[in-house]
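Colleague: Dropping a structure here in structure tokens format, bear with me for questions.
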Amino acid sequence: MSSHPGYHGSYLRIDLTERRAEPIAIPPHVLRRFIGGSGLGTWLLLGESPAGLDPLAPAAPLVFVFSPLVGSPLTTSAKFAVMCRSPLTGRINDSLSSSHFAIAGKKTGHDAFVIVGECEKLTSLVIEPEGVRFESATELAGLSSSGAAEQFQRALGPGYRVAAIGPAGENLVRYATISHDGRHAGRGGSGAVMGSKRLKAIAVRGDRQAGYAHPERLLAYSKDLSQRSFGPATEKYRELGTVSNLLVFNRLGTLPTRNFQSGTFAGAATLAPEAVLSQFPRTRASCAACTIGCEHIFHFGSGSDSQAVRMEYENLFALGPLCGIADPEVVLKASAACDEWGLDTISAGGTIAFAMECAERGLIDAPELRFGNGAALLAMLDQIAHRRGLGELLARGSRAAAQEIGQGSADFAPHVKGLEIPGYEPRALQTMALGFAVGTRGADHNRSGAYQVDFSEAVDRLHVGPAAIPLAIETEDEATIMDSLILCKFLRGVFDDKLAAMAEMLGLVTGWEVTADELRRTAARIVNAKKHFNVLQGWTPAEDTLPARFFAEALPDGASAGANLSRTHLQTLITTYNLARGWSAEGYPTAGQVAEFPAAN
Amino acid sequence: MSVRIEFFGVPRHRAGVVGLDVAAATLGTAVLETVRRFPALKEFCAADGALCPGFLANVNGRTFVSDPATPLADGDSVLILSSDVGG
């Protein structure tokens with residue numbers, strides 16, 4: 001295989017059914033046009049995904065993608081993307097995770113792994129430069145993702161890094177995660193795709209270096225970037241973590257509460273970082289090759305029951321206010337349970353909050369399932385992960401549950417395209433409402449950073465007009481490039497001109513003369529490719545919307561009291577967005593845009 | 001004219017309090033008076049009271065503002081928060 005600085009120039013296609021692995025060259029022009037991570041993964045997925053193939057079918061691909069920056073001294077670059085057709089949404093799914101798996105995975109000598117087929121029984125996969133091995137994982141069955149990873153890593157010896165699924169993945173929960181070192185490729189159910197292949201764990205080890213075009217300049221740039229990453233732009237993440245968003249969102253009336261029935265939560269103060277810190281010890285950590293150190297790990301319980309859990313705003317909101325829970329110990333326990341079993345906290349919390357509202361309205365028979373009942377929340381997480389009782393239904397997500405429950409419950413099922421909505425109240429953050437509606441993987445705050453526009457002077461977040469569209473696209477384009485390089489979005493505030501800075505980094509690694517304009521075109525190409533994937537998999541314009549609740553009910557209280565959205569107005573924003581993307585008014589990419597991608601088989 | 005300053009995130013962490021009341025008619029004078037009372041926040045703003053990159057101001061939970069000349073009304077609340085809201 002010919003290689004280029006930053007790349008090995010190939011992906012490893014692994015067929016689990018045939019127990020065979022084959023390196024396949026990636027054309028150099030593809031690397032430049034799709035970069036890596038989420039971008040390159042989209043290109044690979046397009047070539048490997050027949051239209052209409054069940055995401056849990058053996059032939060469905062599960063793709064792990066590295067990037068040109070992985071392994072470099074650039075801070076926060078130790079990341080990898082996991083791509084699949086989501087079993088939760090039926091649409092494209094790219095979830096990113098971090099740390100040593102990314103570095104060791106790239107050192108196997110490949111830029112990506114494309115995994116197809118299925119194993120006869122639960123299996124673990126070992127990928128090294130010398131080839132791949134398949135090992136029985138029956139002894140790991142039912143173990144947590146971290147427990148399985150530790151046991152497998154211990155058996156293999158030093159030098160290996162392991163990503164694994166927990167019971168939720170084995171049980172095909174549609175929002176199961178893939179975990180590595182306590183971090184999760186979290187959204188959209190890639191863990192269920194891995195579970196459908198009876199693949200419990202993947203171990204990687206290697207010594208292959210992709211090399212850099214300008215190593216000395218890259219090192220100098222990296223030192224400077226690391227220095228800047230210690231500054232005020234990242235202080236929030238370092239000192240407080242994303243959990244500090246909770247009180248801000250509550251004050252602004254943008255904190256989703258009791259299944260989006262309110263934008264404020266009376267118990268917010270008890271869940272604030274200061275309050276939690278006064279009751280539970282905290283330690284800090286960081287991903288491999290990161291100088292920000294955003295991880296805030298809280299310790300609870302005692303003796304043999306002591307546990308530690310990494311807390312972020314999203315699990316705090318989803319397992320706290322969204323379910324009406326004000327007890328911080330319950331939220332810590334629920335977060336730890338999701339980690340243990342491998343559940344996406346946003347979808348788990350969103351689906352349970354939906355079920356709580358159904359139960360309170362008398363639409364389902366679940367007497368204990370009430371907003372604020374922490375014991376019921378913990379019991380339901382167990383039922384979902386192990387697909388018992390009502391958990392069997394809720395393991396399929398809020399959209400599927402609403403379809404079965406009926407009785408108008410779809411109006412308040414909190415999802416877009418089947419993906420549960422993260423912790424940003426769309427009526428009070430209307431640029432984000434647009435971002436949720438048009439997001440290719442569904443309601444998503446990572447692929448669209450439109451909330452940054454709402455939290456600025458550029459728009460009136462309660463009455464957003466077409467002027468917000470180019471700003472929303474700019475955040476989506478920046479996120480697309482960050483997810484393809486891959487860099488952590490917590491670096492955003494460090495750069496004056498993000499695309500120019502990212503172009504410089506990519507140039508130092510690859511030797512390409514990259515400009516911000518080229519990256520802007522690359523971002524548009526990747527967004528087009530994701531949309532094209534969805535079109536091939538049955539997307540229709542009707543999917544680009546929000547649940548009916550957001551058009552029918554104004555926010556009742558707080559600083560955003562009275563905020564509402566009209567369906568007509570959101571549709572106007574969506575049409576303007578589509579046209580600005582160069583698509584048809586309905587949202588279909590043009591033939592010229594589609595011609596840049598491989599045809600699906 | 002009395003204005004309520006509310007701290008969130010890093011500003012609250014640095015100040016060590018939830019907020020304070022100051023006498024001010026504009027955003028800039030409110031910020032400068034806040035910094036005078038809490039020197040730990042002095043790197044948050046320029047000499048004219050404009051907040052430095054990394055921090056945001058919001059009036060009454062509704063409107064984000066940055067111009068130090070922004071007029072304030074008696075009883076307004078000015079939220080001072082980290083600019084990287086979200087994540």
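Colleague: Mind telling me which of the residues A:LEU499, A:LEU519, A:LEU565 ends up being assigned to a loop (DSSP other than H, G, I, E, B) and away from chain B (no Cβ under 14 Å)?
Modeller: A:LEU565
Colleague: Check whether at least one residue in the range A:252-264 is basic (Lys, Arg) and within 14 Å of chain B (Cβ to nearest Cβ), and report yes or no.
Modeller: no
Colleague: Could you go through the range A:183-196 and let me know if any residue there is open to solvent by 30 Å² or more (accessible area, probe 1.4 Å) and under 29 Å from A:ALA285 (Cα atoms).
Modeller: Yes, the range A:183-196 contains a residue that is open to solvent by 30 Å² or more (accessible area, probe 1.4 Å) and under 29 Å from A:ALA285 (Cα atoms).
Colleague: Is the range A:285-301 home to any residue that is closer than 30 Å to A:ALA413 by Cα, without any contact (Cβ under 8 Å) to a residue 60 or more places away in the chain and surrounded by fewer than 18 Cβ atoms within 10 Å (Cβ to Cβ)?
Modeller: No, the range A:285-301 contains no residue that is closer than 30 Å to A:ALA413 by Cα, without any contact (Cβ under 8 Å) to a residue 60 or more places away in the chain and surrounded by fewer than 18 Cβ atoms within 10 Å (Cβ to Cβ).
Colleague: Hey, can you tell me all the residues within the range A:26-51 that are open to solvent by less than 60 Å² (accessible area, probe 1.4 Å), more than 21 Å from A:ALA479 (Cβ to Cβ) and not in a helix (DSSP H, G or I)?
Modeller: Within the range A:26-51, A:ILE26, A:PRO27, A:SER49, A:PRO50 qualify.
Colleague: Among the candidates A:LEU247, A:LEU219, which residue alone is modelled with pLDDT of 95 or more, open to solvent by 20 Å² or more (accessible area, probe 1.4 Å) and within 9 Å of another protein chain (Cβ to nearest Cβ)?
Modeller: None of the others qualify; the one that does is A:LEU247.
Colleague: With the requirement that a residue be in contact with a strand residue (DSSP E or B) (Cβ under 7 Å, 6 or more places away or on another chain) and either more than 14 Å from every other protein chain (Cβ to nearest Cβ) or not in a loop (DSSP other than H, G, I, E, B) (or both), what does the range A:437-470 give you?
Modeller: A:ALA437, A:GLY439, A:THR440, A:ARG441, A:GLY442, A:ALA443
Every residue, every condition in (1) of a type outside the set (S, T, N, Q); (2) more than 20 Å from A:ASN250 (Cβ to Cβ); (3) not in a strand (DSSP E or B), yes or no:
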site	(1), (2), (3)
A:ALA289	yes, yes, yes
A:HIS296	yes, no, no
A:ALA318	yes, no, yes
A:ILE325	yes, no, yes
A:VAL330	yes, no, yes
A:LYS333	yes, yes, yes
A:ALA337	yes, yes, yes
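Colleague: Does A:GLU457 satisfy the criteria of being under 23 Å from A:GLU235 (Cβ atoms), surrounded by fewer than 24 Cβ atoms within 10 Å (Cβ to Cβ) and not aliphatic (A, V, I, L, M)?
Modeller: yes
Colleague: Let me ask something else. Could you please find all residues in the range A:226-244 being open to solvent by 20 Å² or more (accessible area, probe 1.4 Å), within 28 Å of A:GLU420 (Cα to Cα) and more than 7 Å from every other protein chain (Cβ to nearest Cβ)?
Modeller: Across the range A:226-244, the qualifying residue is only A:ARG238.
Colleague: Are there any strands (runs of 3 or more DSSP E) wholly within the range B:9-87 with 1 or more residues that are in contact with a helix residue (DSSP H, G or I) (Cβ under 7 Å, 6 or more places away or on another chain) and within 14 Å of chain A (Cβ to nearest Cβ), and if so which?
Modeller: B:55-59, B:63-65, B:77-82
Colleague: Exactly one condition in (1) in a loop (DSSP other than H, G, I, E, B); (2) surrounded by 24 or more Cβ atoms within 10 Å (Cβ to Cβ); (3) out of contact with any strand residue (DSSP E or B) (no Cβ under 7 Å at 6 or more places or on another chain) is not met by A:LEU88; state its number.
Modeller: Unmet condition: (3).
The values are calculated or read from the model by the stated rules, or taken from the named source; none is laboratory data. Computed from a predicted model, the values in this text were never measured in an experiment. With ideal geometry, Cβ positions are generated from the backbone for all residues, glycine too; neighbour counts draw on all protein chains shown. Ligands, DNA and RNA are excluded from the accessible area calculation, which covers all protein heavy atoms including side chains. Shrake-Rupley method; radii C 1.70, N 1.55, O 1.52, S 1.80 Å.
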